[in-house]
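A quick write-up on the structure given underneath.
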(Lines give C-alpha, C1' and ligand atoms only; values in the text may rest on other atoms or scores of the structure.)
Protein backbone atom coordinates (compact mmCIF):
# COMPACT_ATOMS: atom_id res chain seq x y z
CA UNK A 1 0.00 0.00 0.00
CA UNK A 2 2.97 2.27 0.48
CA UNK A 3 3.70 2.42 -3.25
CA UNK A 4 0.82 4.83 -3.87
CA UNK A 5 0.29 8.21 -2.31
CA UNK A 6 -1.98 7.54 0.69
CA UNK A 7 -3.93 10.72 0.05
CA UNK A 8 -4.63 9.84 -3.59
CA UNK A 9 -5.86 6.38 -2.60
CA UNK A 10 -8.06 7.76 0.17
CA UNK A 11 -9.48 10.54 -2.00
CA UNK A 12 -10.20 8.08 -4.84
CA UNK A 13 -12.04 5.89 -2.35
CA UNK A 14 -14.01 8.89 -1.10
CA UNK A 15 -14.91 9.97 -4.62
CA UNK A 16 -16.25 6.50 -5.47
CA UNK A 17 -18.25 6.50 -2.23
CA UNK A 18 -19.72 9.93 -3.05
CA UNK A 19 -20.71 8.83 -6.55
CA UNK A 20 -22.39 5.67 -5.23
CA UNK A 21 -24.17 7.63 -2.52
CA UNK A 22 -25.48 10.15 -5.04
CA UNK A 23 -26.50 7.57 -7.64
CA UNK A 24 -28.05 4.81 -5.53
CA UNK A 25 -31.38 5.01 -3.75
CA UNK A 26 -35.04 4.31 -4.29
CA UNK A 27 -34.52 5.84 -7.73
CA UNK A 28 -31.30 4.93 -9.48
CA UNK A 29 -29.67 7.83 -11.26
CA UNK A 30 -27.30 6.54 -13.96
CA UNK A 31 -23.80 8.05 -13.87
CA UNK A 32 -24.27 9.43 -17.38
CA UNK A 33 -27.32 11.39 -16.23
CA UNK A 34 -25.36 12.62 -13.19
CA UNK A 35 -22.81 14.03 -15.60
CA UNK A 36 -25.50 15.64 -17.74
CA UNK A 37 -27.14 17.27 -14.74
CA UNK A 38 -23.79 18.58 -13.53
CA UNK A 39 -23.06 20.10 -16.96
CA UNK A 40 -26.59 21.48 -17.07
CA UNK A 41 -26.09 23.19 -13.71
CA UNK A 42 -22.88 24.73 -14.88
CA UNK A 43 -24.64 26.09 -17.99
CA UNK A 44 -27.72 27.09 -15.99
CA UNK A 45 -29.82 25.04 -18.40
CA UNK A 46 -33.39 23.93 -17.69
CA UNK A 47 -33.99 20.17 -17.68
CA UNK A 48 -36.64 18.05 -19.32
CA UNK A 49 -37.87 14.72 -17.89
CA UNK A 50 -36.44 12.47 -16.56
CA UNK A 51 -33.51 14.74 -15.81
CA UNK A 52 -35.83 17.26 -14.15
CA UNK A 53 -36.92 14.70 -11.54
CA UNK A 54 -33.36 13.47 -11.09
CA UNK A 55 -32.12 17.02 -10.54
CA UNK A 56 -34.82 17.58 -7.95
CA UNK A 57 -33.90 14.34 -6.14
CA UNK A 58 -30.25 15.35 -6.21
CA UNK A 59 -30.59 18.85 -4.80
CA UNK A 60 -33.27 18.12 -2.25
CA UNK A 61 -32.48 14.61 -1.09
CA UNK A 62 -29.31 12.91 -2.29
CA UNK A 63 -26.78 15.72 -2.09
CA UNK A 64 -27.72 17.04 1.39
CA UNK A 65 -27.81 13.51 2.72
CA UNK A 66 -24.49 12.66 1.12
CA UNK A 67 -22.97 15.83 2.56
CA UNK A 68 -24.26 15.13 6.07
CA UNK A 69 -23.12 11.50 6.03
CA UNK A 70 -19.74 12.57 4.66
CA UNK A 71 -19.27 15.13 7.41
CA UNK A 72 -20.42 12.68 10.08
CA UNK A 73 -18.04 10.00 8.87
CA UNK A 74 -15.16 12.48 8.77
CA UNK A 75 -15.94 13.57 12.33
CA UNK A 76 -16.10 10.00 13.63
CA UNK A 77 -12.93 8.89 11.84
CA UNK A 78 -10.97 11.97 12.85
CA UNK A 79 -12.08 12.04 16.47
CA UNK A 80 -11.54 8.28 16.75
CA UNK A 81 -7.91 8.70 15.67
CA UNK A 82 -7.50 11.59 18.11
CA UNK A 83 -8.98 9.66 21.07
CA UNK A 84 -6.77 6.67 20.34
CA UNK A 85 -3.72 8.92 20.30
CA UNK A 86 -4.77 10.95 23.29
CA UNK A 87 -5.45 7.97 25.53
CA UNK A 88 -2.64 5.95 23.95
CA UNK A 89 -5.09 3.14 23.69
CA UNK A 90 -6.07 1.20 20.59
CA UNK A 91 -9.58 0.58 21.96
CA UNK A 92 -10.50 4.19 22.52
CA UNK A 93 -13.17 5.47 20.17
CA UNK A 94 -16.04 7.91 20.66
CA UNK A 95 -18.41 4.98 21.15
CA UNK A 96 -16.43 2.74 23.45
CA UNK A 97 -15.35 5.44 25.89
CA UNK A 98 -18.92 6.67 26.19
CA UNK A 99 -18.44 10.11 24.63
CA UNK A 100 -20.92 9.43 21.84
CA UNK A 101 -23.55 8.22 24.33
CA UNK A 102 -22.95 11.28 26.49
CA UNK A 103 -23.37 13.49 23.45
CA UNK A 104 -26.56 11.62 22.56
CA UNK A 105 -27.95 12.21 26.04
CA UNK A 106 -27.17 15.91 25.73
CA UNK A 107 -28.80 16.04 22.30
CA UNK A 108 -32.00 14.33 23.44
CA UNK A 109 -32.20 16.56 26.50
CA UNK A 110 -32.04 19.56 24.17
CA UNK A 111 -34.63 18.01 21.85
CA UNK A 112 -37.03 17.40 24.71
CA UNK A 113 -37.11 21.15 25.19
CA UNK A 114 -39.44 22.34 22.47
CA UNK A 115 -37.13 24.55 20.48
CA UNK A 116 -38.71 25.95 17.35
CA UNK A 117 -37.49 24.06 14.29
CA UNK A 118 -35.35 26.95 13.15
CA UNK A 119 -31.66 27.54 12.55
CA UNK A 120 -31.02 28.56 16.17
CA UNK A 121 -33.21 25.76 17.46
CA UNK A 122 -31.06 23.37 15.50
CA UNK A 123 -27.88 25.02 16.82
CA UNK A 124 -28.86 24.29 20.42
CA UNK A 125 -28.73 20.54 19.86
CA UNK A 126 -25.02 20.33 18.98
CA UNK A 127 -24.16 22.65 21.87
CA UNK A 128 -26.00 20.39 24.32
CA UNK A 129 -24.37 17.35 22.71
CA UNK A 130 -20.96 18.99 23.07
CA UNK A 131 -21.53 19.67 26.77
CA UNK A 132 -22.73 16.10 27.20
CA UNK A 133 -19.65 14.70 25.48
CA UNK A 134 -17.22 16.87 27.45
CA UNK A 135 -18.84 15.97 30.77
CA UNK A 136 -18.56 12.32 29.77
CA UNK A 137 -14.87 12.63 28.92
CA UNK A 138 -14.08 14.22 32.27
CA UNK A 139 -16.26 11.75 34.18
CA UNK A 140 -14.76 8.70 32.45
CA UNK A 141 -11.27 10.11 32.93
CA UNK A 142 -11.90 10.78 36.62
CA UNK A 143 -13.25 7.25 37.09
CA UNK A 144 -10.56 5.48 35.08
CA UNK A 145 -7.28 7.18 35.79
CA UNK A 146 -4.64 5.80 38.12
CA UNK A 147 -2.16 8.57 38.76
CA UNK A 148 -1.39 10.04 35.38
CA UNK A 149 -2.02 6.91 33.34
CA UNK A 150 -5.29 5.42 32.18
CA UNK A 151 -5.20 1.62 32.19
CA UNK A 152 -7.11 0.12 29.26
CA UNK A 153 -9.42 -1.98 31.37
CA UNK A 154 -10.39 0.98 33.57
CA UNK A 155 -11.03 3.15 30.55
CA UNK A 156 -13.22 0.61 28.79
CA UNK A 157 -15.10 -0.32 31.97
CA UNK A 158 -15.83 3.27 32.90
CA UNK A 159 -16.68 4.20 29.30
CA UNK A 160 -18.96 1.25 28.65
CA UNK A 161 -20.65 1.58 32.04
CA UNK A 162 -21.33 5.27 31.66
CA UNK A 163 -22.27 4.76 28.00
CA UNK A 164 -24.94 2.21 28.98
CA UNK A 165 -26.22 4.54 31.68
CA UNK A 166 -26.46 7.46 29.27
CA UNK A 167 -28.11 5.33 26.59
CA UNK A 168 -30.69 4.05 29.05
CA UNK A 169 -31.44 7.59 30.20
CA UNK A 170 -31.70 8.69 26.57
CA UNK A 171 -34.21 5.94 25.79
CA UNK A 172 -36.23 6.82 28.88
CA UNK A 173 -36.36 10.49 27.91
CA UNK A 174 -37.43 9.60 24.40
CA UNK A 175 -40.20 7.30 25.54
CA UNK A 176 -41.48 9.85 28.05
CA UNK A 177 -41.58 12.79 25.71
CA UNK A 178 -44.44 13.01 23.27
CA UNK A 179 -44.20 15.99 20.98
CA UNK A 180 -40.65 15.60 19.83
CA UNK A 181 -40.61 11.82 19.98
CA UNK A 182 -40.73 11.44 16.23
CA UNK A 183 -37.73 13.67 15.78
CA UNK A 184 -35.75 11.83 18.43
CA UNK A 185 -36.50 8.42 16.98
CA UNK A 186 -35.54 9.58 13.51
CA UNK A 187 -32.34 10.83 15.06
CA UNK A 188 -31.57 7.58 16.82
CA UNK A 189 -31.96 5.62 13.60
CA UNK A 190 -29.44 7.82 11.91
CA UNK A 191 -30.77 11.34 11.65
CA UNK A 192 -29.28 11.71 8.20
CA UNK A 193 -32.75 10.92 6.90
CA UNK A 194 -33.60 14.45 7.97
CA UNK A 195 -34.16 16.24 4.72
CA UNK A 196 -32.63 19.39 3.37
CA UNK A 197 -29.53 21.44 3.77
CA UNK A 198 -30.41 22.85 7.24
CA UNK A 199 -28.61 20.16 9.28
CA UNK A 200 -25.58 20.29 6.98
CA UNK A 201 -25.19 24.04 7.38
CA UNK A 202 -25.77 23.81 11.13
CA UNK A 203 -23.19 21.12 11.69
CA UNK A 204 -20.57 22.72 9.48
CA UNK A 205 -19.17 25.40 11.87
CA UNK A 206 -18.79 22.87 14.72
CA UNK A 207 -16.97 20.45 12.47
CA UNK A 208 -14.82 23.15 10.94
CA UNK A 209 -13.56 24.16 14.38
CA UNK A 210 -13.30 20.62 15.77
CA UNK A 211 -11.74 18.89 12.80
CA UNK A 212 -9.65 21.93 11.89
CA UNK A 213 -7.99 21.84 15.28
CA UNK A 214 -7.49 18.09 15.05
CA UNK A 215 -5.77 18.45 11.68
CA UNK A 216 -3.30 20.85 13.31
CA UNK A 217 -2.63 18.48 16.22
CA UNK A 218 -0.78 15.70 14.42
CA UNK A 219 2.64 16.55 15.74
CA UNK A 220 1.40 17.00 19.30
CA UNK A 221 -0.29 13.60 19.13
CA UNK A 222 2.92 12.05 17.84
CA UNK A 223 4.77 13.41 20.87
CA UNK A 224 2.05 12.28 23.29
CA UNK A 225 2.68 8.70 22.16
CA UNK A 226 5.84 8.81 24.28
CA UNK A 227 3.84 9.57 27.42
CA UNK A 228 3.28 12.93 29.06
CA UNK A 229 6.68 13.09 30.72
CA UNK A 230 8.79 12.47 27.64
CA UNK A 231 6.51 14.69 25.55
CA UNK A 232 7.12 17.57 27.94
CA UNK A 233 10.87 16.86 28.03
CA UNK A 234 10.84 17.16 24.25
CA UNK A 235 9.22 20.58 24.57
CA UNK A 236 5.47 20.02 24.27
CA UNK A 237 3.21 22.03 26.63
CA UNK A 238 1.42 18.81 27.50
CA UNK A 239 -1.60 20.07 29.44
CA UNK A 240 -2.48 22.70 26.86
CA UNK A 241 -2.08 20.29 23.95
CA UNK A 242 -4.14 17.57 25.66
CA UNK A 243 -6.97 19.97 26.50
CA UNK A 244 -7.08 21.37 22.99
CA UNK A 245 -7.21 17.93 21.36
CA UNK A 246 -9.78 16.67 23.84
CA UNK A 247 -12.07 19.66 23.22
CA UNK A 248 -11.66 19.43 19.44
CA UNK A 249 -12.37 15.68 19.27
CA UNK A 250 -15.36 16.01 21.58
CA UNK A 251 -16.76 18.91 19.56
CA UNK A 252 -16.48 16.87 16.37
CA UNK A 253 -18.07 13.82 18.00
CA UNK A 254 -20.87 15.91 19.46
CA UNK A 255 -21.63 17.57 16.15
CA UNK A 256 -21.74 14.22 14.39
CA UNK A 257 -23.89 12.57 17.03
CA UNK A 258 -26.34 15.43 17.31
CA UNK A 259 -27.46 15.03 13.71
CA UNK A 260 -26.68 11.45 12.86
CA UNK A 261 -27.35 9.50 16.02
CA UNK A 262 -24.96 7.05 17.56
CA UNK A 263 -22.91 5.25 14.96
CA UNK A 264 -20.32 2.86 16.30
CA UNK A 265 -17.17 1.31 14.86
CA UNK A 266 -16.28 3.96 12.27
CA UNK A 267 -14.19 5.80 14.86
CA UNK A 268 -12.58 2.56 15.97
CA UNK A 269 -11.94 0.79 12.69
CA UNK A 270 -11.03 3.51 10.22
CA UNK A 271 -8.01 4.88 12.14
CA UNK A 272 -6.72 1.34 12.67
CA UNK A 273 -6.97 0.44 9.01
CA UNK A 274 -5.25 3.68 8.05
CA UNK A 275 -2.54 3.04 10.63
CA UNK A 276 -1.99 -0.49 9.34
CA UNK A 277 -1.73 0.62 5.74
CA UNK A 278 -0.05 3.99 5.96
CA UNK A 279 1.88 4.10 9.25
CA UNK A 280 1.50 5.65 12.68
CA UNK A 281 2.43 9.28 11.98
CA UNK A 282 -0.55 11.27 13.24
CA UNK A 283 0.19 14.14 10.87
CA UNK A 284 -0.81 11.73 8.11
CA UNK A 285 -3.13 9.52 10.13
CA UNK A 286 -5.56 12.29 11.09
CA UNK A 287 -6.37 13.56 7.58
CA UNK A 288 -6.48 9.98 6.28
CA UNK A 289 -8.87 8.92 9.06
CA UNK A 290 -11.06 11.89 8.21
CA UNK A 291 -11.23 11.01 4.52
CA UNK A 292 -11.48 7.29 5.22
CA UNK A 293 -14.22 7.79 7.80
CA UNK A 294 -16.23 9.87 5.35
CA UNK A 295 -15.88 7.26 2.60
CA UNK A 296 -16.63 4.32 4.88
CA UNK A 297 -19.77 5.87 6.36
CA UNK A 298 -21.02 6.84 2.88
CA UNK A 299 -20.67 3.22 1.73
CA UNK A 300 -22.40 1.98 4.89
CA UNK A 301 -25.21 4.46 4.27
CA UNK A 302 -25.61 3.27 0.67
CA UNK A 303 -25.91 -0.30 1.91
CA UNK A 304 -28.33 0.73 4.64
CA UNK A 305 -30.56 2.40 2.06
CA UNK A 306 -30.51 -0.37 -0.53
CA UNK A 307 -30.46 -3.74 1.25
CA UNK A 308 -34.10 -3.68 2.41
CA UNK A 309 -35.35 -0.87 0.15
CA UNK A 310 -37.66 0.95 0.45
CA UNK A 311 -37.14 0.35 4.18
CA UNK A 312 -33.92 1.75 5.64
CA UNK A 313 -31.62 -0.02 8.05
CA UNK A 314 -30.04 2.04 10.83
CA UNK A 315 -26.60 2.79 9.46
CA UNK A 316 -24.98 1.74 12.76
CA UNK A 317 -26.06 -1.85 12.09
CA UNK A 318 -24.31 -1.79 8.72
CA UNK A 319 -21.10 -0.29 10.10
CA UNK A 320 -20.95 -3.12 12.62
CA UNK A 321 -22.04 -5.95 10.30
CA UNK A 322 -19.75 -5.03 7.43
CA UNK A 323 -17.06 -3.08 9.25
CA UNK A 324 -16.18 -5.60 11.92
CA UNK A 325 -15.47 -8.60 9.64
CA UNK A 326 -13.48 -6.35 7.33
CA UNK A 327 -11.52 -5.00 10.27
CA UNK A 328 -10.80 -8.47 11.64
CA UNK A 329 -9.59 -9.54 8.20
CA UNK A 330 -7.23 -6.57 7.97
CA UNK A 331 -6.02 -7.14 11.52
CA UNK A 332 -5.39 -10.82 10.85
CA UNK A 333 -3.34 -10.07 7.75
CA UNK A 334 -1.25 -7.51 9.62
CA UNK A 335 -0.39 -9.86 12.49
CA UNK A 336 3.00 -9.42 14.08
CA UNK A 337 3.65 -6.12 12.41
CA UNK A 338 3.57 -4.25 15.69
CA UNK A 339 1.80 -1.40 13.99
CA UNK A 340 0.24 0.15 17.08
CA UNK B 1 27.11 24.51 33.43
CA UNK B 2 24.22 23.09 35.45
CA UNK B 3 23.79 24.17 39.07
CA UNK B 4 21.42 22.51 41.50
CA UNK B 5 21.13 24.33 44.82
CA UNK B 6 19.39 23.07 47.95
CA UNK B 7 16.79 21.14 46.00
CA UNK B 8 13.99 19.45 47.95
CA UNK B 9 11.20 17.35 46.44
CA UNK B 10 8.28 15.59 48.10
CA UNK B 11 5.72 13.12 46.83
CA UNK B 12 2.71 14.07 48.91
CA UNK B 13 3.95 14.16 52.48
CA UNK B 14 6.95 11.91 51.78
CA UNK B 15 10.21 13.81 51.37
CA UNK B 16 12.18 12.19 48.53
CA UNK B 17 15.04 14.65 48.03
CA UNK B 18 16.45 16.79 50.83
CA UNK B 19 18.63 19.81 50.24
CA UNK B 20 20.44 18.38 47.22
CA UNK B 21 23.22 20.55 45.82
CA UNK B 22 25.22 19.49 42.80
CA UNK B 23 26.94 21.07 39.86
CA UNK B 24 27.77 19.63 36.49
CA UNK B 25 30.36 21.43 34.39
CA UNK B 26 30.33 21.64 30.64
CA UNK B 27 32.47 18.92 29.19
CA UNK B 28 32.20 16.53 32.12
CA UNK B 29 30.23 13.42 32.96
CA UNK B 30 28.86 13.29 36.49
CA UNK B 31 27.54 9.90 37.55
CA UNK B 32 24.73 9.82 40.07
CA UNK B 33 24.96 6.61 42.08
CA UNK B 34 23.07 5.27 45.06
CA UNK B 35 20.88 2.37 46.16
CA UNK B 36 17.37 1.71 44.84
CA UNK B 37 14.89 4.28 46.08
CA UNK B 38 17.59 6.81 46.92
CA UNK B 39 15.94 9.35 44.61
CA UNK B 40 18.15 9.20 41.50
CA UNK B 41 15.27 9.13 39.05
CA UNK B 42 13.41 11.74 41.06
CA UNK B 43 16.38 14.08 40.82
CA UNK B 44 16.57 13.64 37.04
CA UNK B 45 12.82 14.20 36.69
CA UNK B 46 12.90 17.26 38.93
CA UNK B 47 15.72 18.84 36.93
CA UNK B 48 13.84 18.16 33.70
CA UNK B 49 10.83 19.99 35.09
CA UNK B 50 8.22 17.24 34.98
CA UNK B 51 7.62 17.04 38.73
CA UNK B 52 7.09 19.98 41.06
CA UNK B 53 9.98 21.18 43.18
CA UNK B 54 9.35 22.08 46.81
CA UNK B 55 12.29 24.40 47.31
CA UNK B 56 15.69 25.10 45.83
CA UNK B 57 17.08 26.38 42.57
CA UNK B 58 18.10 24.80 39.30
CA UNK B 59 19.92 27.12 37.00
CA UNK B 60 22.35 27.22 34.14
CA UNK B 61 24.61 29.76 32.50
CA UNK B 62 25.12 27.99 29.21
CA UNK B 63 23.23 30.56 27.17
CA UNK B 64 24.31 33.83 28.69
CA UNK B 65 26.70 35.10 31.33
CA UNK B 66 23.84 35.58 33.73
CA UNK B 67 22.34 32.32 34.93
CA UNK B 68 18.88 31.24 33.84
CA UNK B 69 16.40 29.61 36.21
CA UNK B 70 15.50 26.41 34.36
CA UNK B 71 12.33 25.91 36.41
CA UNK B 72 10.83 29.18 35.18
CA UNK B 73 11.16 28.28 31.49
CA UNK B 74 8.34 27.04 29.29
CA UNK B 75 8.58 23.37 28.25
CA UNK B 76 9.80 24.45 24.82
CA UNK B 77 12.51 26.76 26.16
CA UNK B 78 13.59 24.13 28.68
CA UNK B 79 13.79 21.50 25.94
CA UNK B 80 16.31 23.73 24.18
CA UNK B 81 18.54 23.78 27.27
CA UNK B 82 18.38 20.19 28.44
CA UNK B 83 17.50 16.85 26.92
CA UNK B 84 16.63 13.65 28.76
CA UNK B 85 17.38 10.03 27.91
CA UNK B 86 14.73 8.21 29.94
CA UNK B 87 15.11 4.86 31.66
CA UNK B 88 14.87 2.26 28.86
CA UNK B 89 11.67 3.97 27.92
CA UNK B 90 8.53 2.78 26.31
CA UNK B 91 8.81 4.14 22.82
CA UNK B 92 5.90 3.89 20.40
CA UNK B 93 7.05 0.88 18.34
CA UNK B 94 5.41 1.91 15.08
CA UNK B 95 7.52 5.00 14.41
CA UNK B 96 10.67 4.56 12.39
CA UNK B 97 14.04 5.45 13.88
CA UNK B 98 14.21 8.46 11.59
CA UNK B 99 10.79 9.74 12.70
CA UNK B 100 11.74 9.18 16.33
CA UNK B 101 14.97 11.14 16.13
CA UNK B 102 13.29 13.99 14.27
CA UNK B 103 10.91 14.33 17.25
CA UNK B 104 13.94 15.57 19.14
CA UNK B 105 13.79 18.71 16.99
CA UNK B 106 10.40 19.63 18.51
CA UNK B 107 11.60 22.63 20.54
CA UNK B 108 12.68 24.28 17.30
CA UNK B 109 9.57 23.45 15.27
CA UNK B 110 6.18 25.10 14.95
CA UNK B 111 3.04 23.45 16.29
CA UNK B 112 2.64 21.49 13.07
CA UNK B 113 6.09 19.95 13.46
CA UNK B 114 7.33 20.89 10.01
CA UNK B 115 11.02 20.07 9.69
CA UNK B 116 13.53 21.97 7.59
CA UNK B 117 16.59 20.67 5.80
CA UNK B 118 18.63 21.93 8.75
CA UNK B 119 16.56 19.86 11.18
CA UNK B 120 17.11 16.81 9.02
CA UNK B 121 20.84 17.45 8.86
CA UNK B 122 21.00 17.70 12.67
CA UNK B 123 18.97 14.50 13.08
CA UNK B 124 21.28 12.70 10.65
CA UNK B 125 24.32 13.91 12.54
CA UNK B 126 22.78 12.74 15.83
CA UNK B 127 22.24 9.28 14.38
CA UNK B 128 25.83 9.25 13.13
CA UNK B 129 27.14 10.18 16.57
CA UNK B 130 25.50 7.13 18.14
CA UNK B 131 26.42 4.97 15.16
CA UNK B 132 22.81 4.22 14.25
CA UNK B 133 22.41 5.86 10.86
CA UNK B 134 21.93 2.49 9.20
CA UNK B 135 18.87 1.88 11.41
CA UNK B 136 17.00 4.94 10.05
CA UNK B 137 14.30 3.12 8.13
CA UNK B 138 13.68 0.45 10.77
CA UNK B 139 10.70 0.59 13.10
CA UNK B 140 11.61 1.14 16.72
CA UNK B 141 9.64 -1.95 17.79
CA UNK B 142 11.92 -4.19 15.72
CA UNK B 143 15.11 -3.02 17.43
CA UNK B 144 17.04 -4.68 20.24
CA UNK B 145 17.25 -3.00 23.64
CA UNK B 146 20.73 -1.72 22.93
CA UNK B 147 19.70 -0.26 19.59
CA UNK B 148 16.62 1.39 21.14
CA UNK B 149 18.77 3.04 23.79
CA UNK B 150 21.06 4.45 21.12
CA UNK B 151 18.04 5.84 19.28
CA UNK B 152 16.88 7.52 22.48
CA UNK B 153 20.31 9.06 22.87
CA UNK B 154 20.21 10.27 19.27
CA UNK B 155 16.78 11.82 19.89
CA UNK B 156 18.19 13.67 22.90
CA UNK B 157 21.22 14.81 20.90
CA UNK B 158 18.92 16.11 18.16
CA UNK B 159 17.57 18.57 20.73
CA UNK B 160 20.99 20.28 20.44
CA UNK B 161 21.12 21.06 24.15
CA UNK B 162 24.20 21.93 26.20
CA UNK B 163 22.91 19.76 29.07
CA UNK B 164 22.13 16.05 28.86
CA UNK B 165 20.42 13.99 31.58
CA UNK B 166 20.36 10.20 31.45
CA UNK B 167 18.29 8.05 33.79
CA UNK B 168 19.88 4.61 34.19
CA UNK B 169 20.35 4.27 30.43
CA UNK B 170 22.29 1.00 30.67
CA UNK B 171 20.08 -0.94 33.08
CA UNK B 172 18.60 -3.20 30.38
CA UNK B 173 21.68 -3.58 28.22
CA UNK B 174 24.10 -6.46 27.95
CA UNK B 175 27.79 -6.08 28.75
CA UNK B 176 28.85 -5.01 25.29
CA UNK B 177 26.12 -2.38 24.93
CA UNK B 178 26.68 -1.06 28.46
CA UNK B 179 30.31 -0.34 27.69
CA UNK B 180 29.80 0.99 24.17
CA UNK B 181 26.91 3.20 25.29
CA UNK B 182 28.92 4.78 28.09
CA UNK B 183 31.93 5.18 25.79
CA UNK B 184 29.71 7.13 23.40
CA UNK B 185 28.27 9.30 26.17
CA UNK B 186 31.69 10.09 27.59
CA UNK B 187 33.15 10.91 24.16
CA UNK B 188 30.21 13.20 23.37
CA UNK B 189 30.54 15.07 26.66
CA UNK B 190 34.22 15.73 26.14
CA UNK B 191 34.16 16.45 22.42
CA UNK B 192 30.95 18.52 22.22
CA UNK B 193 31.45 20.14 25.63
CA UNK B 194 28.16 18.84 27.05
CA UNK B 195 27.26 18.88 30.73
CA UNK B 196 26.17 15.28 31.34
CA UNK B 197 24.44 13.94 34.45
CA UNK B 198 23.86 10.20 34.32
CA UNK B 199 22.11 8.11 36.96
CA UNK B 200 23.81 4.71 37.07
CA UNK B 201 23.28 1.47 38.95
CA UNK B 202 26.59 -0.05 37.99
CA UNK B 203 29.33 1.39 40.19
CA UNK B 204 32.10 0.12 37.96
CA UNK B 205 30.60 1.76 34.89
CA UNK B 206 30.43 4.97 36.92
CA UNK B 207 34.06 4.56 38.00
CA UNK B 208 35.23 4.03 34.47
CA UNK B 209 33.28 6.62 32.51
CA UNK B 210 32.43 9.42 34.93
CA UNK B 211 34.71 12.36 35.61
CA UNK B 212 33.01 12.88 38.93
CA UNK B 213 30.62 10.81 41.00
CA UNK B 214 27.81 11.92 43.33
CA UNK B 215 26.54 9.44 45.92
CA UNK B 216 22.85 9.85 46.72
CA UNK B 217 21.43 7.97 49.73
CA UNK B 218 17.93 8.44 51.16
CA UNK B 219 17.47 11.63 49.17
CA UNK B 220 20.66 13.27 50.35
CA UNK B 221 24.01 13.74 48.65
CA UNK B 222 26.51 11.89 50.86
CA UNK B 223 29.64 12.56 48.81
CA UNK B 224 30.79 14.08 45.55
CA UNK B 225 34.21 13.89 43.95
CA UNK B 226 36.35 11.85 41.61
CA UNK B 227 35.58 8.13 41.41
CA UNK B 228 38.58 7.47 43.70
CA UNK B 229 37.26 9.88 46.33
CA UNK B 230 33.69 8.55 46.38
CA UNK B 231 34.07 4.86 45.60
CA UNK B 232 35.72 3.99 48.89
CA UNK B 233 34.92 0.86 50.93
CA UNK B 234 33.60 3.00 53.80
CA UNK B 235 31.20 5.18 51.80
CA UNK B 236 29.94 2.39 49.56
CA UNK B 237 29.43 -0.27 52.23
CA UNK B 238 27.53 2.18 54.41
CA UNK B 239 25.38 3.37 51.53
CA UNK B 240 24.50 -0.08 50.22
CA UNK B 241 24.53 -2.00 53.52
CA UNK B 242 26.99 -4.43 52.06
CA UNK B 243 30.66 -5.02 52.70
CA UNK B 244 32.73 -4.18 49.62
CA UNK B 245 36.35 -4.26 48.63
CA UNK B 246 37.77 -1.65 46.31
CA UNK B 247 40.81 -2.55 44.23
CA UNK B 248 42.54 -0.86 41.35
CA UNK B 249 41.06 -1.75 37.97
CA UNK B 250 43.57 -4.07 36.26
CA UNK B 251 43.89 -2.02 33.07
CA UNK B 252 42.04 1.26 33.57
CA UNK B 253 43.34 3.63 36.18
CA UNK B 254 40.09 3.66 38.18
CA UNK B 255 38.71 1.94 41.27
CA UNK B 256 36.92 -1.39 40.93
CA UNK B 257 34.22 -2.22 43.47
CA UNK B 258 33.86 -5.87 44.46
CA UNK B 259 30.79 -6.69 46.55
CA UNK B 260 30.94 -9.09 49.48
CA UNK B 261 27.85 -10.99 50.56
CA UNK B 262 24.95 -10.05 52.81
CA UNK B 263 25.73 -12.81 55.34
CA UNK B 264 29.06 -11.24 56.22
CA UNK B 265 27.26 -7.93 56.53
CA UNK B 266 25.29 -9.28 59.49
CA UNK B 267 28.51 -10.27 61.20
CA UNK B 268 29.84 -6.75 60.98
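Going residue by residue through the range B:227-247, is there one that turns out to be closer than 19 Å to residue B:85 by Cα and in a strand (DSSP E or B)? No, because not a single residue in the range B:227-247 is closer than 19 Å to residue B:85 by Cα and in a strand (DSSP E or B). Could you please find all residues in the range A:225-244 being more than 7 Å from every other protein chain (Cβ to nearest Cβ) and either crowded, with 24+ Cβ neighbours inside 10 Å or at pLDDT 95 or above (or both)? Across the range A:225-244, the qualifying residue is only A:231. Scanning the range A:74-98 for residues that are out of contact with any strand residue (DSSP E or B) (no Cβ under 9 Å at 6 or more places or on another chain) and in a loop (DSSP other than H, G, I, E, B) gives A:87, A:89, A:90, A:91, A:92, A:93, A:94, A:95, A:96, A:97, A:98. Counting only helices (runs of 4 or more DSSP H) that fall entirely inside the range A:227-340 and contain at least 2 residues that are under 21 Å from the mean Cα position of the chain (by Cα), the qualifying elements are A:238-260, A:266-278, A:282-306, A:315-333.
The residues of the range B:50-90 that are under 16 Å from residue B:166 (Cβ atoms) and buried (at least 22 other Cβ atoms within 10 Å of the Cβ), listed by number, are B:79, B:82, B:83, B:84, B:85, B:86. Does residue A:213 fit the bill of being modelled with pLDDT of 75 or more and touching a strand residue (DSSP E or B) at 6+ places or on another chain (Cβ under 9 Å)? No; evaluated as a whole, the condition is false for this residue. Counting only strands (runs of 3 or more DSSP E) wholly contained in the range B:1-105, the ones carrying 3 or more residues that are more than 14 Å from chain A (Cβ to nearest Cβ) occupy B:2-11, B:14-24, B:28-33, B:55-60. Residues of the range B:119-136 include none that is outside any helix (DSSP H, G or I) and in contact with a strand residue (DSSP E or B) (Cβ under 6 Å, 6 or more places away or on another chain).
Here residue A:204 clears all of (1) modelled with pLDDT of 85 or more; (2) touching a helix residue (DSSP H, G or I) at 6+ places or on another chain (Cβ under 6 Å) except the condition numbered (2). Determine which member of the set B:21, B:41 is buried (at least 16 other Cβ atoms within 10 Å of the Cβ) and in contact (Cβ under 8 Å) with a residue 24 or more places away in the chain. Just a single option satisfies the conditions, and that option is B:41.
Please pick out the residue among A:290, A:285 that is within 14 Å of chain B (Cβ to nearest Cβ) and either modelled with pLDDT of 85 or more or at positive phi (or both). Of the residues listed, the single one that is within 14 Å of chain B (Cβ to nearest Cβ) and either modelled with pLDDT of 85 or more or at positive phi (or both) is A:285.
Being farther than 23 Å from residue B:17 by Cβ, at pLDDT 95 or above and in contact with a strand residue (DSSP E or B) (Cβ under 8 Å, 6 or more places away or on another chain) holds for only one residue in B:157, B:215, B:188, B:197, and it is B:157.
The values are calculated or read from the model by the stated rules, or taken from the named source; none is laboratory data. As the structure is a prediction and not an experimental result, all values here were calculated from the model. Don't worry about glycine lacking a Cβ; one is built from the backbone with ideal geometry, like all the others, and counts go over all protein chains shown.
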